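Step one of this worksheet: look at the structure below.
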Amino acid sequence: MKSRSYVGPVTSLAFFGDDLLVGHGLELKFFMLSNSQPSLQWRKRIFKRERIQGIQLSSPTQNEGPASNANVLLWGGKRFRIIHLADLMDPSFNIKIEDEIPAPDWILHSVFLEPDGDVPRIAMMTAHNTILTYRHEQSIELASRYRWYPSPERCLLYSATLFRDSTTQTTNDLVAIAGTVFGEVLLWKLDTSQDKVPEKVELSARYLSHEGSVFGVSISPDFSYAASCSDDRTIRLWNIKADIVGLEGCREVKEPLAIGWGHQARIWGVKFLQAEEGYVRIISFSEDLTAKVWSMRLDGPNPLICTQTFKNLHSASGKNIWSLAIHPSERHFVTGGADGGIASWKILEDVRETPAIKETIANLEEILPPPQASGGKSIKDEPRKYVALGSRSFIVAMSSGWLLHCNLSKPSTEWQKVGFWPQIKNLSAMGAGRFETDGTYNHLVALGDNTGKVLLQTWHRYLPATPTNPPDQDWIQICDTRPSDIFFSHCQNKNDTHSVYAAVTTFKPDTPIQLLRINVETAEKPFIAQSWSLIPPETFPSTAILVYTCGGRVFCFAGSRHGAFALYSLTSDDTSIKSLKIWRHVHDDESITSLGLKGDPSQIDVNTGAASSVELLLTSTGRSGAYKFHKVFINTNTQEYELVELNAVYPAAVPRVENYRKFTTSPNGGYEIIYGFRGRDFVLWNQTLGLEAASYDCEGGNRSWDFSFGADEDTQSEGLFVFTKSKRCYIVEFKQILHNPLLQTPFHGREVKTLAISSQGIIATGAEDTIIRLSSLDQETNQLLPLTFRKTHTTGLQDLVWSPCGGWLFSSGSVEEVYCWKINTEAKIQSGTVGMLQEAVYEVSTESLPDLRVCGLDAAAVYTEKGDHYGFLVGMVRSDSSIKLALYDIAEKKFTTIAEGHYKTSCLLQIRFHLTTYGGILMLTAGTDGHVTFWDITQTMVVCGVSAKSSTGSNLVALSLKDPQVSASVPEKLRTDQWILSQPVHQNSIKVLELYNLEGDEILMLTGGDDTAISVSRIKCKENPEKMGTMINEITTKLLARAHASAVTALAPLSSTLSVVDHKEQGIEFLSSSVDQQVKRWCIKLNDGTAIESVEVVEDIYVSVPDVSSLALIGTGGKDRRLVVGGVGVEVLEL
Amino acid sequence: MGKSSKDKRDSYYRLAKEQGYRARSAYKLLQLDAQFNLFKDVTRVVDLCAAPGSWSQVLSRSLVAKGKDREPNVAQSETNEVQEVQSKPKVKIVALDLQPMTPLPGVITLQADITHPSTLPLVLKHLESDSANVDLVVSDGAPDVTGLHDLDEYIQAQLLLAALNLATCVLRPSGNFVAKIFRGRDVAELYCKLRIFFERVTVAKPRSSRGSSIEAFVVCENYTPPEGFQPSLENPIWTGPTRQEDIAGQIAEVSLDDAPSGRWVAPFVACGDLSEWDSDATYQLPDTDENGVKRVSIDPIQPPTAPPYKTAIEMRRKLGNGGKIN
């Protein structure tokens, strides 16, 4: 076995000029950042078992580049190595991991000293507050290369940093700062240039007052200040000037210079930044997933103030940032997360810098001086409605009847009065659509007045294309009452580029929607070419439309306030049109906020030929909090209309979704941006990266607002958000919506608890971070490629199980959560992703116990008697010892509990179904009491209408359901008299249970326990003719005690169906893994009878994933077969 | 989570409150004793990393109340314990921790660093002894777990080895040593080290310790140090070099890590009867107890030790803004 790829915590980072060295697991990676597109140049394994915890370069790189004899120092745990920089940078240079150097204790920090001629020298600080020096002369015996120095105080440290004191003449003077496990910060000095080791070394100072372990310590470049951070959520700043020069005696300091409050969890590290004269600046990073820049004025007692916070670093699903490096320019820094992500962030030099978000409050009184009413009272004029025209201009309608345009494309904001119409006082409707002519975008604005008239205007970039303030006759009567809303179809049809469609709705319920086809061939003179009255279905207040033209037919989709879709076919003859079809509850019962077509319209034009049947992909967003993709089939000949949900995403970061946009243009192609509201914030969310693109606190979404992305190529990364707050107009400009801060894609933020691979090769992982991720495996690089993820569970994942066909995934968590997911792998959705729909939730009992975990799942396919796929038999075992068996109906998308019962009172962890050739249905359960229990549930299942039968034409046994109408009557009881065997196998928790089918109704069962043992059992089943069930004929168990050094948590059979005879010679192989981080390959030899001849270890290797929870195989066999190991990260191994 | 819902989630938490223990971990030691008979003939015992003191409570109740009828279901008041202690003056229980610990009757509580050389004479003084004659040394110490597994396991191993060093200084020959251990990637290395000093080393998992937790306990029986071994807190073993001449040996140790699979693994014992509560299980507690009295959730005996972030929380409250600081 050989490790091929790894995702897991990023433990160290260091800049090398503009480029970046990254310690990722056992490997060092080199990212070139100086190019326009950051790229991974190489990765090299450095250590056998240690993660790279620290990186140091022998000489700081300047513009002229590093010295030719420069070295790189890398350390991790009790290992380190010194490598020539030139060798390291040479992609073809092979680093031998055998050359790693053992250190006598755990290294917390290490620095280069002045070299001894050509021989590099380093100093290291151990976790026992001890400094050792090392001379890298490989010809002499290892122990003699070290020099030990006495410690001023041997205590256990969590953090330490060594500095070469630049304030003294000798260059090998060290200043050590250490953070203890008991909240103390220690400062001491050591001169390592002398040949003689001093007999005693004194502490220079002891800084007290932290209320918990000190996880990070640092000293300012001028050796005047020290900073420490702790478990107590504070940063403390210390004045060390006196202690650096102080010659003897240890000063005890009980009051820090300043305390920085603000982090909401443990703080892992602090570093000093350059600061203006008279200031100190610090950057800190924390378990709360933020980094903060702090500043303090040094003239007198001043507070340490947080000046910049970097929120939600990485995937926001994780818990920790483990590493941070500051670019030499100090203009940006990079962070490395527990989620494996690396991201780059910009430090604001000062407040004058153009930030990524710019907020302006418009002074509208300057543009429209309030007219004086009689009596001296001014009439308050206020902004009523907005349309954003791209990212640099917008129109606002005032309550007075004024229409104003604001141009933000120039250095100073330009306001223009568009017109004044008394009839738009308290205006109720305004909307805008975008259209392209000759490669440039224009906006068409429609304005409704109080009498049902509509005015059309075109805007070319930031300027009006139609003359402003046109005469009154340009208002066109559309409806007989005041319009409530005007919304546009945001889809310009390629074969009819001159048409823009808009819908006008009124406040009167059940009145038709006026659909307008507006001809924009002459941009200056848009006119209504055609109009239709769409008769709404019952209770259908329309909120969005989409018009799609194809093959001479025009279809219109409408979305309603109650989550429904309606389909219309527009003809040139009729003007009053009824809907062809209505689909209710598409977005639950919530407003549909947008409708769009997925992909480029050009891709859809394949439909043009067959005009009678159309297939298209619809995207929609809704107040339900979702954005969804649907496939729509329209067959006008047969009048069949079908809506199939392909994908639904509920981005937790945007609970109120307003719109969705997929960016297709390079270089940021493929980003899906969703915007909407979360609490007080307006949020732009990048679903592709799983990152917040931007957010702005607007105090909630229940106000007048509009948002637009930039309309042109050069403004596409921008966005404009305009809204009213306290009767004032707020303008918020977003600059870098498509900015990708990630250099390396993040994975799970916490440990993977369960991993399952579908028959179609999709890797599902469920983690403690409550997220389910789907990934595929890149055949060439062996890297995991993210497909999609869902943060739907509210607790850490317990188990994941695929349906045998790979189309459905069942997931379980705590608080009784069991979900069924439909996985659509249809390529048409788009490349690089799959559809993942939460089809059903297993209903929770009313009197729910807190923390009732669903620890184990199994699913077996169920067919109808006709042979159709009905669904699945889903087995669930839980922490209160209860078992639930449910049928899942794939047509109705519904679970029905058919049987339930209890084992004992101990927690159950595993469940497996097994079908015998004679129709017996066996259920195996195992739990914390170390017993495996075999239940004969054949009879119970028969009562529920389920039996095991061989399908015609094959001897494969499958479950068959008699009557597909499963009634939700009282579930059958699972009783202990159904136990045909309950056998103690392990001393305590059975962490894993796997079954092999042998021929002749024989099962090979493998279990792994917390007791470090693996058991191998041969179980022969036979029919029980009296009870119409099954019984155990014979069972032979071989227990491999101490199979691993720790709990055995994962097992994976290397082959599925086996014949005893075939494998008598070569044996049956399986893999095991454990919390001891070893993966072992075993070979079982069976005898002809019932005995197990031997179980031997064939191979045994170390994996860099701690807390291994799962193993799974991917690939059909032979060379492309890979083993995926899940734990704190994921490692892929070649077998 | 309210205390009553925690009662359902964690049966040992509820039991500890009902029986007057300061922490649920008391049951781990009780179950270890039930398996290994650790308290038999024990009169001198040292409890390391003892705060908040539940193991000392177990020791005090088990050792000084011996021979009497014990009613485990009735919360024993601390005054009762005082009286029992007075009747058995010969038992000595010394509890050490760096954190302050609320005094326990019958237990000598010392605030001291177990790695510091000055601790040894202090302990011996309180044991009223000038030689190593302790029957049992126990340690339930655990570090602040950061989530970086290798670091957490290293720190835990260092706590265990610090406890071992102190144990070698105070244990009488054939005395016993019990300590918490994290069964991570390098656990076999620790087993091998312990086996040098004890005839029998077993790794035990009490049923009151959650299955999902990496923790277990090493039970080391019959202290038999190698011939010529000089215990010392000045030059402790396996906790980093304390002299130039230690370096060669420490490096050799590190090199051994490379073959973890070839190393000796301690036999495993799950302890605690299957009829006892399962710490992984969720129980449906009846609303009334066996006497038909409505069950009320009782307060913990001692509130948990103040968390290090207590002041931070108070500061946040003071600053207002809904606790949001930018």
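How charged is the neighbourhood of A:LEU273? Take every other residue with its Cβ under 12 Å from the Cβ of A:LEU273, and add Lys/Arg as +1 and Asp/Glu as -1. Let's see the in-between values first.
On the way: positive: A:LYS271, A:ARG281, A:LYS292, A:ARG331; negative: A:GLU276, A:GLU330, A:GLU349.
Around A:LEU273, the charge tally is +1.
Name the residue from A:SER717, A:LEU515, A:ILE1068 whose Cα lies farthest towards the positive end of the charge dipole of chain A, charges +1 on Cβ of Lys and Arg and -1 on Cβ of Asp and Glu.
Sorting the options by dipole projection puts first A:LEU515.
Can you list residues from other chains, or at least 5 along the same chain, whose modelled amide H is less than 5 Å from the amide H of A:ASP232?
Placed amide hydrogens put A:GLU211, A:GLY212 under 5 Å from A:ASP232.
With +1 assigned to the C-beta of every Lys and Arg and -1 to the C-beta of every Asp and Glu, and no other charges, what is the dipole magnitude of chain A about the Cα centre in debye, to the nearest 20? Before the final figure, lay out each step's value.
Values: 107 positive and 130 negative charges, 248 e Å.
Charge dipole, chain A, about its Cα centre: 1200 debye, nearest 20.
I need the calculated FRET efficiency for the pair A:ARG45 and A:THR781, taking r as the beta carbon distance and R₀ as 22 Å, to the nearest 0.05. Provide the component values of the computation, followed by the final result.
Values: r = 15 Å, r/R0 = 0.70.
Once rounded, the FRET efficiency stands at 0.90.
Determine the sum of side-chain charges near A:LEU974: Lys and Arg each +1, Asp and Glu each -1, restricted to other residues whose C-beta is under 13 angstrom from that of A:LEU974.
Values: positive: A:ARG878, A:LYS884, A:LYS904, A:LYS973, A:ARG975; negative: A:GLU900, A:ASP936, A:GLU972, A:ASP977.
Net local charge, A:LEU974 excluded: +1.
How many lysine pairs does the range A:218-341 hold where the Cα atoms are under 30 Å apart and the two sit 8 or more places apart or on different chains?
Number of lysine pairs found: 11.
Which whole number gives the average, over all residues in B:271-284, of C-beta atoms from other chains lying within 10 Å of the residue C-beta?
Details: counts 2, 1, 0, 10, 3, 1, 2, 11, 2, 12, 14, 14, 6, 7.
Counting other chains' Cβ atoms within 10 Å and averaging over B:271-284 gives 6.
Using label points projected 7 Å from each Cα along Cα→Cβ, tell me how many nm separate A:ALA529 and A:TYR279, to one decimal.
Placing both labels 7 Å beyond Cα along the Cβ direction yields 5.9 nm.
Taking 0.36 nm per intervening residue step and subtracting the Cα-Cα distance, what contour gain separates A:GLU699 from A:ILE305 on full extension? Display every interim value, and only then the final one.
On the way: separation 394, 0.36 × 394 = 141.84 nm, distance 2.50 nm.
Separation in residues times 0.36 nm, less the Cα-Cα distance, equals 139.3 nm.
When only Cα pairs under 8 Å and 6 or more residues apart are kept, what is the percent relative contact order across chain A? Write out the running numbers ahead of the final one.
Values: 3159 pairs, mean separation 65.9, N = 1135.
Relative contact order here is 6 percent.
Using R₀ = 45 Å, calculate the FRET efficiency as 1/(1 + (r/R₀)^6) where r is the Cβ-Cβ separation of A:ASP588 and A:LYS866; round to 0.05. Intermediate results must be reported in sequence, preceding the final value.
Working: r = 34 Å, r/R0 = 0.75.
Plugging the Cβ-Cβ distance into 1/(1 + (r/R0)^6) gives 0.85.
Pop a pseudo-label 7 angstrom from the Cα along the beta-carbon direction at both A:ASP977 and B:TRP264 and give the gap in nm to one decimal.
5.3
Among A:GLY927, A:GLY945, A:GLN56, which residue has its Cα furthest toward the positive end of the charge dipole of chain A, with +1 on Lys/Arg Cβ and -1 on Asp/Glu Cβ?
A:GLY945
Using each residue's phi in the range A:796-813, evaluate 6.51 cos²θ - 1.76 cosθ + 1.60 at θ = phi - 60° and report the 3J(HN,Hα) Karplus result to the nearest Hz, with x for Gly and Pro.
x, 6, 9, 8, 9, 9, 8, 5, x, 7, x, x, 10, 10, 10, 10, 9, x
List the lysines whose Cα lies under 24 Å from the Cα of A:LYS44, skipping any in the same chain that are fewer than 8 positions away.
Counting by Cα, and skipping residues close in sequence, A:LYS44 has these lysines nearby: A:LYS2, A:LYS29, A:LYS78, A:LYS96, A:LYS1119.
How do A:786-797, A:648-659 rank on mean C-beta neighbours within 10 Å, highest first?
Details: A:786-797: 19.3, A:648-659: 21.5.
Highest mean packing first, the order is A:648-659, A:786-797.
Report the residues of the range A:395-432 in range of a label on A:LYS508: point 7 Å along Cα→C-beta, backbone N strictly under 18 Å from it.
Counting backbone N atoms under 18 Å from the label point, the list is A:428-429.
Sort A:MET1031, A:MET1005, A:MET923 so the one with the fewest other Cβ atoms within 10 Å of its own Cβ comes first.
On the way: A:MET1031 18, A:MET1005 22, A:MET923 26.
Ordered by Cβ neighbours within 10 Å, fewest first: A:MET1031, A:MET1005, A:MET923.
5 Å is the cut-off here: which amide hydrogens, built 1.01 Å from N in the peptide plane, fall below it relative to A:SER594, excluding neighbours closer than 5 in sequence?
A:THR621
What list of ³J(HN,Hα) couplings, whole Hz, do you get for the range A:48-53 from phi and the Karplus terms 6.51, -1.76, 1.60, once you set θ to phi - 60° and write x for glycine and proline?
Here the 3J(HN,Hα) series is 6, 10, 9, 7, 6, 9 Hz.
Rank-order B:116-124, A:988-996, B:240-248 by packing density, defined as the average count of other C-beta atoms within 10 Å over each peptide's residues, highest first.
Values: B:116-124: 15.8, A:988-996: 23.8, B:240-248: 18.0.
Highest-to-lowest ranking by the protection proxy: A:988-996, B:240-248, B:116-124.
What is the sum of charges around A:ARG750, taking Lys and Arg as +1, Asp and Glu as -1, for the other residues whose C-beta is under 11 Å from the C-beta of A:ARG750? Mind showing how you got there, number by number?
Values: positive: A:LYS319, A:LYS753; negative: A:ASP339, A:GLU751, A:GLU768, A:ASP769, A:ASP1107.
Surrounding charge for A:ARG750 is -3.
With only Lys, Arg, Asp and Glu charged, each at its Cβ (+1 for the first two, -1 for the last two), find how big the charge dipole of the range A:620-750 is about the Cα centre; round to the nearest 20 debye. Numbers along the way, then the final one.
On the way: 14 positive and 15 negative charges, 110 e Å.
Here the size comes out at about 520 debye.
Using Cβ contacts closer than 10 Å as the measure, can you line up A:LEU924, A:LEU298 from fewest to most? Spell out each step's value before the answer.
On the way: A:LEU924 22, A:LEU298 15.
So the residues, fewest neighbours to most, are A:LEU298, A:LEU924.
With a 10 Å Cβ neighbour count serving as the proxy for reagent exposure, in which order, fewest first, do B:PHE197, A:PHE747, A:PHE487, A:PHE527 appear?
Values: B:PHE197 21, A:PHE747 29, A:PHE487 24, A:PHE527 13.
Ranked by crowding around the Cβ, least crowded first: A:PHE527, B:PHE197, A:PHE487, A:PHE747.
Return the sequence-ordered ³J(HN,Hα) values of the range A:525-533 in whole Hz as given by the Karplus equation 6.51 cos²θ - 1.76 cosθ + 1.60 applied to θ = phi - 60°, using x for Gly and Pro.
10, x, 9, 7, 7, 7, 8, 10, 9
In nanometres, what is the gap between the two model label sites at A:ASN1087 and A:SER144, each 7 Å from Cα along Cα-to-Cβ?
Computed distance between label sites A:ASN1087 and A:SER144 equals 6.0 nm.
What is the calculated FRET efficiency for A:SER950 to A:VAL644, with r their C-beta to C-beta distance and R₀ = 30 Å, to the nearest 0.05? If you can, show how the numbers build up before the last one.
On the way: r = 33 Å, r/R0 = 1.10.
Calculated transfer efficiency: 0.35.
Any read-out appearing in this document is the output of simple, stated calculations on the displayed coordinates, not a laboratory observation. Please read all numbers here as calculations on a predicted model, not as lab measurements. Please note: Cβ atoms are built from the backbone with ideal geometry, for glycine as well, and neighbour counts cover all protein chains shown.
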